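Comments concern the structure below.
The values are calculated or read from the model by the stated rules, or taken from the named source; none is laboratory data. All figures in this text were calculated on a predicted structure; none of them were measured in a lab. Cβ placement follows ideal geometry from the backbone for every residue including glycine, while neighbour counts extend to all protein chains displayed.
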């Protein structure tokens, strides 16, 4: 049973999240809401306009019923366990507290989906190194690995031949590399933690009025990520 089915069943049964945590009443009218995870270390409140642009893309391209309000939930709060999708980003050192680590592991091992984005676009920056260390401690060495560019993620809605490039990469920001892959932790054959060094959050952080000037809508890949998260 995929997460969309789990969420729908939970709503029908009385507004309970996919991991058994009560949802707010608004969720009964939506298939999807965007949860940003806050955390005690680092700087989680980056790319403030990205969620609204992602939600707009879901409305524009799909029939998924979305809650238009971004929700910010502390990773240490058990309420995050009921989210159909979580987003976590930052630039600085990341160190989970005991409660944050416990909730992250529980959520991931029980059907949750977290998209983690390194806003530094840097394979050896503070956020990148500390996040990867946290994943190795929780899930074991090698659990976070490269995914192939023909992974179902890249065809879950739109067709991509791998992760789209970002303007940060093309401008030589960060480590001056174009990252040709994403990393993930897979649980039972599906991505549970998707990790990007490409700074998609910054790519999606723009004034909505400027979208009409884009040759290609860069939020289309966000649609793939959400659709994959909701249907696998």
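Brief remarks follow.
- Selection of region 108-152 for residues being touching a residue at least 60 places away in the same chain (Cβ under 8 Å) and within 19 Å of residue 203 (Cα to Cα) yields 114, 115, 116, 117, 118, 119, 120, 121, 122, 123, 127, 128.
- Condition check for residue 113: under 18 Å from residue 44 (Cα atoms) and in contact with a helix residue (DSSP H, G or I) (Cβ under 6 Å, 6 or more places away or on another chain): yes
- The residue of region 11-32 that is modelled with the highest pLDDT, among those that are part of a helix (DSSP H, G or I) and in contact with a helix residue (DSSP H, G or I) (Cβ under 8 Å, 6 or more places away or on another chain), is 28.
- Residue in region 117-137 that is surrounded by fewer than 18 Cβ atoms within 10 Å (Cβ to Cβ) and at positive phi present: no
- Any hit, region 68-79, residues being assigned to a helix (DSSP H, G or I) and more than 16 Å from residue 202 (Cα to Cα): yes
- Some residue of region 58-67 being closer than 27 Å to residue 122 by Cβ and surrounded by fewer than 21 Cβ atoms within 10 Å (Cβ to Cβ): no
- Taking the numbered list (1) modelled with pLDDT under 95; (2) over 13 Å from the mean Cα position of the chain (by Cα); (3) buried (at least 17 other Cβ atoms within 10 Å of the Cβ) in turn, residue 75 passes all entries but (1).
- Taking the criterion of being touching a helix residue (DSSP H, G or I) at 6+ places or on another chain (Cβ under 8 Å), buried (at least 19 other Cβ atoms within 10 Å of the Cβ) and either part of a strand (DSSP E or B) or at positive phi (or both), the residues of region 185-209 that qualify are 185, 191, 192, 193, 194, 195, 199.
- Test: residue in region 33-50 that is crowded, with 18+ Cβ neighbours inside 10 Å, in a helix (DSSP H, G or I) and at pLDDT 90 or above: yes
- Taken over region 122-151, the criterion of being assigned to a helix (DSSP H, G or I) and under 16 Å from the mean Cα position of the chain (by Cα) is satisfied by 127, 128, 131, 132, 135.
- Qualifying residues in region 97-109 (those that are surrounded by fewer than 23 Cβ atoms within 10 Å (Cβ to Cβ) and touching a strand residue (DSSP E or B) at 6+ places or on another chain (Cβ under 9 Å)) - the one farthest from residue 44 (Cα to Cα): 109
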